[in-house]
Structure formats: structure tokens, C-alpha cells
1. Ordered by packing density, taken as the mean number of other Cβ atoms within 10 Å over each peptide's residues, highest first, how do 219-228, 185-194, 118-127 rank?
2. Given N residues in segment 252-355, what is its alpha carbon radius of gyration divided by 2.2 N^0.38 Å?
3. Order of GLU196, GLU325 from fewest to most other C-beta atoms within 10 Å?
4. Sticking with the crude label model, points 7 Å out along Cα→Cβ, report the distance from GLN163 to ASN219 in nm, one decimal please.
5. So how do HIS208, HIS303 line up by other beta-carbon neighbours within 10 Å, fewest first?
6. Enumerate the amide H contacts of ARG290 below 5 Å, restricted to partners 5 or more residues apart or on another chain; note that Pro and chain-start residues carry no placed amide H.
7. Arrange the following residues from fewest to most other Cβ atoms within 10 Å of their Cβ: TRP339, TRP240.
Amino acid sequence: MSTGKKEPKKPIKAAAKAPINAPGVKSLEPGPGQDALGAMLANALLSRGAAVPAADLLSTVDIPPVGDQRCGLIAIVGKPNVGKSTLLNALVGQKISITSRKAQTTRHRITGMRTVNATQFVFVDTPGFQTRHANALNRSLNRTVVGAVNDVDLIVFVVEAGQFNQADARVLSLLPEKTPAILLANKFDLIHRRAEIAPWLKEMQERHNFAEFVPMSANSSKDVERLFGICEKYLPLQPWMYGADELTDRSDRFMAAEIIREKLFRLTGDELPYTSTVLIDQYQEEGNLRKIAATIVVERDGHKGMIIGEKGEKLKRIGTEARHELEALTGGKVFLEIWVKVRSGWADDEARVKTFGYE
Ligand code: GDP
Ligand code: MG
């Protein structure tokens, strides 16, 4: 049934560039008093620099001489659900990593890039480190995380502001000492008494030698812009690895599977175990039309019923929402067909996990 020979390799590209004029947050010097901490916090939270409309910048994209180019890898790590994928999408300026309230949404190493002036930021989103089940799928996800933190220029360790538990500690213990790490205290919008964060912050400084502390919200564009300025100084002078307007190295076919999986995760309740996956059987491009056939693989018959829903309603909705998003992403028409199949025990089976596209 697999006829999808033609897989477009075109990278997803930026429509326009947004400006970055963001001074970094000061490093947290060891031993500041509470007042100094408070002042630093206030300082960190000030949004600086007015945004220039993206259109103004389009005409001024100059590629700097290779010798002036800066480029580096930045790993975004943290336990599940702290906002890593939300952050990556905001940094890239387009959704390339799917998100949901479910903990195991990100399963692959997703690379997203953004080139700002002379600097190319190559961000690597990772699955959250899985500790709850020791099956083949989770072992694969964990290998992806460990692989991502070695060999990068900078690590952005994401936690929820004011929180730190065993799952965070587990990820923190994977960070190599030699690589600079920024502590990104995300979801700062949920903290109402900001002064109360100071003792927590001090505690975090004792846990690891963080280069900087950045309280912010991944869903605030001003905060996200500021982050570029903070990360830039850790990236080496070296030629860019990607084109100036490339946003991800993932194919359209991969994005299609991910978008369907996102709708599946978002539209089904907690009863549906995370061990469902999406395979693309066909991806054909005919002019402005894409014909996509996909299979949702589940572990049990009962799960199949949950996805299809009464009179096929649920599956229809998953298909419709995925199609709309794929049409927006590709700028063309999409014909999408989705099937549901049962493969019991796939997530426990190393070989199957591999054939389903996990590393
Ligand atoms: P990941 O598992 O770490 O990749 O987390 P996701 O990016 O999938 O986000 C998990 C949930 O947190 C989603 O429901 C996001 O909308 C939400 N979220 C992410 N960043 C923020 C933030 O800055 N503030 C708030 N309030 N919610 C956020
Ligand atoms: Mg994620």
C-alpha cells in the first residue's frame, strides 16, 4: 500500500525575518543579596527594544562574509511539559515541533534554525526525559536526549519557574559540566508574586553552575526575542550550516505525520495511551495538491474505537484539523486519508520502534 515514492526534500523556509535587538540578561553573580536578586529580576523582566515590522527587514537581508558568520548548536532540554517545543516554535517563528498538554508529545530530535544578522542559531528540541516506563520507545527517546546535550555549544535547561522536582533533577544530571548552560525559568506568567522566586533562584544556582538565569514565558514574543541576544555570545565564529531562510531540516512528509499526531493527542482524552503513532503511507505532490495517506497505529482494539469515535466523528475531526494545518503549512490543497491499525505491543518491540522512525 505504500506508494509514496516522491518525498519533497524542500526545506521549510522563513516567510520573513523578525528583528532581534535584545540585550542579554545579566549573569547572576554569586552571592547577591535579596535586593540585588530582586533588582536583577526586575531588570531581566524589562522588555527592551521595539520590534521592527518584518517586511522592513526583508529587503535588508545581507549575507555577511563567511569570516564574520557566527553559528552554533543550542540544545533545549528539560522534563516533559515545561514548554520546550513551544519555545522552539517561537524562536523559529513557525510551528515545527508539535505541542500538547500530554507529556510525551515530542518524540524526535527536531532541529530548527533561525538566522539573525550574522548569527545562525541552530536549536535542537528534544523529548523530555522519560522515567515512568522502561519500554523500547522510552529508551529510544532517552537516547535522543543524551545524544543532543553532547556536542552543542550551549544548553538551555528549561524548568517551570519556581519548581524543581526529581524529574528536573534527572535531566540536570545529564548536562555535561564543560558546556555552558542557561537556566530558563519558563511560564513566568503563572508566577504572581515575583519576589518569592528569589529563594528558589538561589537554590537553583547551587544545583548547577548556570551561566545565566532567564525568567520568561515562551508564549511572549518579547521574551523570546530577548533570548537571541542572550544566546548569541556563546556561539562560535564559524560559517553557517544552513541557508539564511531555512527553518527546519525536517521534510514535509515528517511534518505531516507530526501534525496528525498532534491532533490525535489533542483531540483524544487521557484514556488514549501515548503509545500511538502515525505512519505516512503515501505523500504525493501533484502541482499544488498533496495526496497524503496515513495510518495511526495503536496498541489495542479498544484504542482504535476511541480514535474513530461514534460514527467516525473523532477520526473525521482529527483529519479535518490536520488537513487545515497542512494546507496552511504547504500553501496548497491537501487530500488526506487516515486509517487506524492495531499493532499490539509495538512500543515494547525494539525492531518495530525502529521501523516506525525512532532513532
Ligand atoms: P514540552 O513537553 O516541554 O515540549 O512542552 P510543550 O511545549 O509541549 O508545552 C506544554 C504545555 O505548556 C502546553 O500546553 C503549552 O501551551 C504550555 N506552555 C508553554 N510555555 C508556556 C508559558 O510560557 N506559559 C504558560 N502559561 N504555558 C506555557
Ligand atoms: Mg515537546
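None of the figures in this text is laboratory data; all of them are computed from the coordinates on show. Everything numeric in this text was worked out from a predicted model, so none of it was measured. Positions of Cβ are generated from backbone atoms using ideal geometry, with glycine treated the same way; all protein chains shown enter the neighbour counts.
1. Values: 219-228: 19.3, 185-194: 16.4, 118-127: 23.3.
So the order, starting with the most tightly packed, is 118-127, 219-228, 185-194.
2. Values: Rg = 13.6 Å, N = 104, 2.2 N^0.38 = 12.8 Å.
Relative to the 2.2 N^0.38 Å estimate, segment 252-355 comes out at 1.06.
3. Details: GLU196 10, GLU325 19.
If I rank by nearby Cβ atoms, fewest first, I get GLU196, GLU325.
4. 1.4
5. Numbers: HIS208 14, HIS303 21.
Starting with the residue having the fewest Cβ neighbours, the order is HIS208, HIS303.
6. LYS333, VAL334, PHE335
7. On the way: TRP339 13, TRP240 19.
Fewest-to-most Cβ neighbours within 10 Å comes out as TRP339, TRP240.
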